[in-house]
Structure formats: C-alpha cells, structure tokens
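Take a look at the structure set out below.
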Amino acid sequence: MIDAEHYQRVLGDELRKLRRGRGWTRKELNAHLQSEISLQTLATYELGTRQCSVVRLVELCVAMDELPQDLLAKVHSRVFTEEPGRVRVDLRRVVAEAGPELTPLRRWAEGRLRQNGVAMPASPGRAGASVPGPGSPSAPSPSAPATSGQSAPASASADEVSFDFAALERMAELCGLPTAELVSHLRKLAPA
C-alpha cells in the first residue's frame, strides 16, 4: 500500500538533499533548468506539498547530474524496503493521539508500554502518570490478537513496534475498520 503523502515528502527530501549536496541554493538550481520554475514551486517540491510531474522530475535530476532512476531508488529504499510489508508505529503516539475508532489499539499499546516499563503520555480521557513496570501486578500484558505477526525491529526502541499484514488485519477487525483505513491511521502515528 502506498501512502502518497509520505512518498511525496520522501521524494521532496531526496530532491533537497541532492540540491544541497551540490552546494546550490534553489535559485542556483533554477538557473540550471531548461524551463522556468518559480522558487516557490521548487520549495513545494522539496517540502513534498506539491506533486512533481515525471518530466519535471527528470529535468530536475538532469540539472543536478543525477539519474532519475537513482533518485527514485533512494526514495523507494526509504519508503518500501526499510520494513517491507510492515507498518511501524510509535506506541506513545498511539496512546496520546489515537482517536476513538482506535480504542482497541490504544488499549493494546498501553499494555505493551506497561509490559516494557515505558512511561506513557496522557491518552485521551486519562491522565498520564507513572506507569508500573513489567512484573507489576497492575501491568496487563498485551492482548493476543495483535501480538502475533508483530515484532519490534532491531533498531526500534521499547516504544515502537512493526505490524505485518496479518496483525494489521486482526487489529482492523478489532477496531471495526477496513484494513486500508487502519493503515492510513497508523501511518500518521509512525515514529518521527
């Protein structure tokens, strides 16, 4: 599943890195382009707030001596292969920001954070206080439906997990949402 907004932001970030790697300002890049592009338009491409046509992307790459396929390979590496087929989630953000439609996920995230001995932020409708550590009698363990098929990546901290498709389907069912809608919600709760 492609998150178009995330993809566009990563593409913009890679364009900005490429330009800065050349030591150019946007104005200097503009001087190397075949066609006239406003500096504001270049800025929106780099911020990922405006979609770039294929022809314009090729023109930007050619101006910076980068093969378009090499730039896209960097983007795809960041978007798709960091965790193929998985959605990574910051459990603290789930607890703090998840809306009412994600109540089962929020409860599971609270349990997971307690199990890992991680202090939690305030969740909607509850004060965020000190959280009992693992082994504490009041520290519930995560519910079974969401735990299988989910694992923390090697580089993740105790407050991040990565869900595979099977776990996403089970959690979507618990939340009463289509899987695609749940994934859309979770992408907004990804680690920064």
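Quick note: the coordinates plus some simple rules give every number you see, no bench work behind them. Values in this document were obtained by computation on a predicted structure and should not be read as measured data. Virtual Cβ from ideal backbone geometry, glycine too; neighbours counted across all protein chains shown.
Distance between the 7 Å Cα→Cβ label points at Ser35 and Ala166: 4.9 nm. Remark: the Glu173-Glu97 segment gains 25.4 nm on full extension, using 0.36 nm per residue and subtracting the alpha carbon distance.
Extension gain for the segment Arg56 to Ile2, taken as residue separation times 0.36 nm less the Cα-Cα distance, is 17.3 nm to one decimal. Expressed in Å, the radius of gyration and Dmax of the Cα atoms of the stretch 1-45 are 11.8, 37. Straight-line cross-link reach from Lys17 at under 21 Å between alpha-carbon atoms covers these lysines, not counting any fewer than eight positions away in the same chain: Lys27, Lys74.
Filter the GluC sites (Glu not before Pro) in the stretch 1-60 to those in DSSP coil with at most 11 other Cβ atoms within 10 Å of their Cβ, and list the result. Counting only loop positions with at most 11 other Cβ atoms within 10 Å, the GluC sites (Glu not before Pro) in the stretch 1-60 are Glu36.
Within the stretch 53-115, none of the trypsin sites (Lys or Arg not before Pro) combine a DSSP coil assignment with at most 13 other C-beta atoms in a 10 angstrom radius.
Sparsely packed loop sites in the stretch 1-73 (the chymotrypsin sites (Phe, Trp or Tyr not before Pro) outside DSSP H, G, I, E and B with at most 16 other Cβ atoms within 10 Å) comprise Trp24.
Under a 5 Å amide H cut-off, with hydrogens placed 1.01 Å from N, Glu160 pairs with Leu91 among residues at least 5 apart or on other chains.
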